[in-house]
Each structure stands twice: as structure tokens, then as C-alpha cells.
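The values are calculated or read from the model by the stated rules, or taken from the named source; none is laboratory data. Fair warning: this is a prediction, and the values are worked out from it, not measured in the lab. Ideal geometry is used to build each Cβ from the backbone, glycine not excepted, and the neighbour counts take in all protein chains shown. These accessible areas exclude ligands, DNA and RNA; they are computed on the full protein's heavy atoms, side chains included. Shrake-Rupley method; radii C 1.70, N 1.55, O 1.52, S 1.80 Å.
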Amino acid sequence: MARWARQVSRWGCLLSTARAAEFPRRPRSYGSAARTCREFAPLALLPPAKDGVLWRLLACRSVGSCPPPDRARDGSFSSQESHLPSLVKYEQAKAETLPDLNAKELNEDWDDIPPSSALEEISEEEAVQIIAEPLLPLHSTTLRDYVDHSETLAKLVHLGVDLSQVEKRQKAGQLLLTLDFEKDIRKILLFLKDVGVEDNQLGPFLTKNPYILGEDLEALETRVAYLKSKKFGKSEIAQMVSRAPYLLLFSVERLDNRLGFFKNELGLSVKKTKDLVIRLPRLLTGKLETVKENLQVCQVELGFQRNEIQQIAYKTPKILTASKKRLKQTFDYLHNIMGIPHHMLTRFPQVFNSKLLRIRERHMFLAFLGRAQYDPAQPSYISLDQLVSLPDEVFCTEIAKASIQDFENFLKTL
């Protein structure tokens, strides 16, 4: 009985589907059960006369009102099972001809459609609409190829880091590609801000020293704590770190050795040693061989005494890291051509930081005017500081007592 009821239900669905396909929007008539059944069932799909009772029953099931089967004009049926084989055969024969508008309702056991295969052929129109992401290069000489694929690099660029300069540093590019911005970099940025590096200086700072991003945060904090223990103030530490980006890469032992070296080699007090490295913090990160060689040049080749070297280095720390060739050429012109004695050079060591061409041009112009007088005991004395530090206009009007046009005309004769 249950099987017969399921068959009747399926025929109801088939009739509803056929009605929707063949007679859309047709107004319904509820005058009689027979008319209603004929209205919704296509003529081509009506069964033979002997199965008419079942068709009436199905149609009435769809409409919801129909006289009992025993009052049908086509005759009564004594057993529902007597017409079941005919109904099943008719369903199998006609099911394929009906529009398959809802496969799920027509066949509840229909398997899901398998996913498209990667080898499935597609049309040219579909192919041109496919946007493929560029492949990440396995090897590259520039970080530019990785910026679009790396959130870390993109955020560093937003901070102002110049990746074209970073990639020139040994293994710096490889380091950045292995770091996660949130996990590895953010804490270093917060540390640098806490030390005193300004927001607008973070990009230039990391451009010069990207290696700090791979340092252990605890080690960095220990090095800052060491500087504080040596009585360096917070603003002084910020100045030193900003001007010497590699400073915090040095361990506490190396920093302590550097401070001890300058204190002992120059014979300076603790306070003067600290002041020296504050004004030129790259003394702590540069090569000590250069410093040693320059100290040797000043003493042996230039003839300065130890106490004079101490004064020169303290007043002008850049002499300790200057080029030996430039140092000797400047001294030769000042001492041998201009006749400046050692004690005068010790008083004004800033002259060694000036370009030799500037010194030569101004000295020759003063000599041409007869005003090249560098002895403080003589009238019209011109100090070395005035010679090299003043702008051209001020130098001409106040020192040379001439016009800027006269100075420019003189330079054309050289």
C-alpha cells in the first residue's frame, strides 16, 4: 500500500511539472473534478481508458477535491493493486519525455554533479577572462619582485624604507623576506620609538641598518641599559642611536671596550670621553684601525705632540676618521704654504674639516690683496676660523674688504 501511495505521489509531481511546462498561467476552473483533471493533464500524456481511474485519482490529489473513486463514471475498481503494473510501466515510459525542470523532485536519488576537471576544455572567451597571479620568482637580484607578494615588505615601504638601498647590503634582503611584520618587526619599531627615534626617522634608520630587525629584543634592551649605566641621558642615547644606526648591534662587551679605547688612547677623562662619543657616535661603530693610523700620522708625520693631538681630537673628532691622504695634504698647505704653526692649528683644528680648495682660493685672494695675515700678534690678523667658516659674501666684505664680484673675477684667473 505504501508503495502504491509513493507512485501516486510521484505521478502528482509529474502532472504538476507538465502543467507548468505546457500550460503556463492558465486560469484554473473548479467547476467539476473531471474538468479540473482534464485541464491540468496534457492530452498526449493521458493514459488508456483502463487506467483512467488512476489518472482521475492523481488529478484529484493535485487539485484537492474529487468525488470518491467508487462514483467514477469510468467504472469502479475493486483492487488498487490491479492497475499498479500498468501505472509503473507508463511512468517509466513517459518520465523521460517530461521537462526536467526540477531534477531533485523527479529523482531524489540523483547523485551530485562531479566538480569540473582541471583538464576540461573551455572556450576562448572563458580563457581570456582568467586572470592568473604572477609567479613568485625563486631567485631575484631585487626586492621589487617580492613587494606585491610580501606584506612585510609593503609595510616597510610605507614606513619609508628604501628597499633599493637595503638590497645592496649583504644578506639584508634575505633577512627581510624571512621576517613577519606583526611577529618580528612591530616590537622592534616600538622599541626604537621608546629609545627616542622619531617616527619620520624610522624609514631612513632601517634603510641604513635593516639588520636590527633580526636582533633579539632582550639583547637590545640590555645594551640601552648599559649606556644608561654609563650616565648617558635618554636624549643623548636617542641622538647617538639616530646618528649611528649600527650602535645597538654592538654587544655590551664591545661597547665597553670602545669607550675604554678612546679614554686610554687620548688620555681623556670619563666625562670628556662620553662627550666625545656623543658628538661623534660613529667612533663606537667604526674601524679602530683607522683611528689608530690617524693618531700615528698626527704624531709621526705631522709632528704634533701628544697633548696637542688630545686637544685636536677632542675639539674635532672627525679628524680621527678622516682620510690620511686628505689630512696630510691639508696640513701641508696650511703649515708649509701658509706658514701656520702647530700651536695655531691646535687652537683652530676645525680647519682640517674644510675643503682644501676653499682654503687655497681664499688664501690666494687674500695674498693677492696683501691681507694674508695669520699671526695674532700682527695688525689685520685673520683667524683660521674666519678664513674657512664664513660665507663668500661675508668673507669678501668683512675679511678681504672687497666685493664678491672681485672675488669671482679673481677665481677665473686661477
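Here the accessible area is traced with a 1.4 Å probe on the protein chains. For the stretch 332-414, carbon and sulfur cover 52 percent of it.
Accessible-area rank, largest first, for Thr222, Thr142: Thr222, Thr142, with all protein chains present and a 1.4 angstrom probe.
Over all other residues within a Cβ to Cβ distance under 15 Å of Val197, the charged ones net out to +1, with Lys and Arg as +1 and Asp and Glu as -1. For the stretch 267-353, just say rounded, prolate or oblate: build the C-alpha gyration tensor, square-root its eigenvalues into a ≥ b ≥ c, call rounded for a/c under 1.5, and beyond that prolate if a/b exceeds b/c, oblate if not. Prolate is the answer for the stretch 267-353, as a/c is 1.5 or above and a/b outweighs b/c.
Using the Cβ of Ile404 as centre and a radius below 10 Å, the other residues enclosed give a net charge of -4, where K and R count +1 and D and E count -1.
Among residues other than Arg144 with Cβ under 14 Å from its Cβ, the summed charge is -3 (Lys and Arg +1, Asp and Glu -1). Kirkwood hydrodynamic radius computed over the stretch 291-414 comes to 15.2 Å, based on all pairs of distinct alpha carbons. A 1.4 Å probe, protein heavy atoms only, puts the accessible area of Arg326 near 110 Å². For Asp375, the amide hydrogen comes within under 5 Å of the amide hydrogens of Ile382, counting only partners 5 or more places away or on other chains and with H modelled in the peptide plane. Distance between the 7 Å Cα→Cβ label points at Lys318 and Gln350: 1.1 nm.
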